[in-house]
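Novice: I have a structure I would like to understand better, so I am pasting it below and will then ask my questions one at a time.
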Amino acid sequence: VQLVESGGGLVQTGGSLRLSCAASGRSLRQLTIAWFRQTPGKDHTFVAAIRYSGTTHYADSVKGRLTISRDSAKNTVFLQMSSLRPDDTAIYYCAGGAGIILSRLRDHTSYNYWGQGTQVTVSS
């Protein structure tokens, strides 16, 4: 499975971005796909996930501002980001895994497949 992210960039506070995670090698409907973010010196932090069933989960810090969705025809997962804040600045990674139980959804070590990351910078 290969995951390729795109859509990062520089945006002002309050602005919006849409990240994409395009998959090849396996249907996303068979996987849980999550977004994690990482800042220098820190570990991967859970942002959002969409399970194979289509149910979605969010970190408290992004609820109401970020939305994860899936386009099965394109085998792509999106992260729509709005009302962005400077503390959203990070490298955002798309991650995928099969058979991930709910209690391990937010643990980056549960995921086998990772994209290369895309930088999101929010200026104040």
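The values are calculated or read from the model by the stated rules, or taken from the named source; none is laboratory data. Nothing here was measured: the structure is a model prediction, and the numbers come from that model. Cβ sites come from the backbone with ideal geometry, for glycine too, and all protein chains shown count toward neighbours. Ligands, DNA and RNA are stripped out before the accessible areas are found, and what is left, the full protein with its side chains, is counted by its heavy atoms. Shrake-Rupley method; radii C 1.70, N 1.55, O 1.52, S 1.80 Å.
Novice: Testing Gly15 on (1) within 13 Å of the chain's Cα centre (by Cα); (2) within 18 Å of Thr118 (Cβ to Cβ), one condition comes back false. Which one is that?
Specialist: The single condition Gly15 does not satisfy is (1).
Novice: Keeping to region 68-97, report how many residues are among the acidic types (Asp, Glu) and either in a strand (DSSP E or B) or open to solvent by less than 40 Å² (accessible area, probe 1.4 Å) (or both).
Specialist: 2
Novice: Give the residues of region 13-67 that are part of a loop (DSSP other than H, G, I, E, B), of a type in the set (Lys, Arg) and open to solvent by 60 Å² or more (accessible area, probe 1.4 Å), sorted by residue number.
Specialist: Result: Arg26, Lys42, Lys63.
Novice: Ile100 fails exactly one of the following numbered conditions: (1) open to solvent by 20 Å² or more (accessible area, probe 1.4 Å); (2) of a type in the set (A, V, I, L, M, F, W, C); (3) over 13 Å from Arg37 (Cβ atoms). What is the number of that condition?
Specialist: Every listed condition holds for Ile100 apart from (1).
Novice: Moving to a separate point now. If a residue has to be open to solvent by less than 40 Å² (accessible area, probe 1.4 Å), assigned to a strand (DSSP E or B) and of a type outside the set (A, V, I, L, M) to count, how many in region 1-12 make the cut?
Specialist: 2
Novice: I need the full set of residues from region 98-109 which are free of Cβ contacts under 8 Å to residues at least 60 places away in the same chain and not in a loop (DSSP other than H, G, I, E, B), in order please.
Specialist: Leu102, Ser103, Arg104, Thr109
Novice: If only one of Ser110, Ser103, Ser82 is within 15 Å of the chain's Cα centre (by Cα) and closer than 16 Å to His57 by Cβ, which one is it?
Specialist: One residue alone meets the criteria, Ser110.
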